[in-house]
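The values are calculated or read from the model by the stated rules, or taken from the named source; none is laboratory data. None of the values given here were measured: they were computed from a predicted structure. Glycine gets a Cβ as well: all are built from the backbone with ideal geometry, and neighbour counts include every protein chain shown. For accessibility, only protein heavy atoms count, side chains too; no ligands or nucleic acids. Shrake-Rupley method; radii C 1.70, N 1.55, O 1.52, S 1.80 Å.
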Amino acid sequence: MLTWQELWSYARTLLRWWPLLMITALLSAGTAAMLARSQPDYYRAHASLMVGNNFEVAAPDRFAVEVSNSLARYYEVLARGETILRPTAEQLGLGFPWELINRMLHTEINPQANLLEVVVTDSDPARAAAIANTIGEQLIAHSPNAPEKVEAQRAEVERQIGEAQAAIAETDRRLEELRARQSQLNAAVDLRENQEQIDELEKARGRYEAAYAGLLQLQSNADINTLSFFERAAAPDAPLPDKTLLIIAGAGLGGLLIAAVAALFLDTLDDRWRPDADLRRRHGIR
């Protein structure tokens with residue numbers, strides 16, 4: 001553990017080298033200031049993509065929410081791949097390769113809302129918003145259920161659901177007629193034949209109900225695996241907070257510490273004797 005006498009000795013050493021410390025700190029801070037001022041302002045644009053249709057359901061199913069979050073993680077990985085970023089760069093006509101977009105891109109999942117956040121940081125606010133929106137459009141286009149596919153599939157499923165409902169209603173009507181007729185028949189042959197028809201219709205109705213339930217499940221699963229814009233990115237008005245002063249202060253402090261270490265090292269190489277201070281420190285002579 002250092003004593004006060006040793007600390008005071010180090011302090012005196014640094015005070016003797018104060019011109020070096022001052023010059024180094026000023027040079028470091030000045031260089032950092034020049035570099036910081038030459039850097040452009042940066043802007044951050046946000047786009048939100050909704051996975052599934054949980055916002056449209058009054059009481060979202062827990063299973064549907066978990067599946068949507070799993071799909072959001074899949075889309076998050078896909079957003080950083082060449083399949084998405086290369087068409088984005090080509091569509092916008094960017095003057096830099098698509099790999100650079102990966103360094104500008106930040107993705108984040110909001111599991112409570114089933115949202116995939118696409119964040120792009122760029123020196124041009126309009127370009128940042130355009131890149132974020134184009135990435136979202138590419139994700140939607142490459143998703144298993146793109147909008148046009150979803151609409152076609154949904155229309156077909158709804159058509160089949162309507163047919164199943166009509167078949168069930170027609171079967172119920174015929175069952176009512178046969179059951180009413182059953183009470184009016186007397187002959188055993190007629191009763192047996194009527195009952196066989198009732199049994200066949202009840203089996204057919206069971207098949208229609210099973211098909212109807214399967215179509216409802218298919219419709220629900222199709223809605224879970226959908227991707228759409230919840231909020232498009234807009235060009236930000238204000239840049240990110242300026243950290244120029246923090247950078248300058250950090251550079252000046254770093255230069256000061258380096259100069260202090262150099263001063264202590266140089267002092268160990270200095271074999272000159274000074275008046276009573278060196279005698280007391282080295283030999284204890286008053």
Exercise. At a probe size of 1.4 Å, how large is the accessible area of Lys243, to the nearest 10 Å²?
Worked result: 130
Seminar exercise, completed: Ignoring ligands and nucleic acids, Asp237 exposes an accessible area, probe 1.4 Å, in Å² to the nearest 10, of 150
Problem set entry | Cα-projected label distance for Leu27 with Ala204, points at 7 Å along beta-carbon direction, nm | 9.7
Problem set entry | Where a label projected 7 Å from the Cα of Ser123 along Cα→Cβ would reach, residues of segment 8-49 with amide N under 15 Å | 35-44
Problem set entry | In nm, spacing of pseudo-spin labels at Tyr10 and Ala141 (7 Å Cα→C-beta vector) | 6.2
Exercise. Using modelled amide H (1.01 Å from N, peptide plane; none on Pro or chain starts), what sits under 5 Å from the amide H of Phe230, excluding residues fewer than 5 places away?
Worked result: Ser48, Leu49, Met50
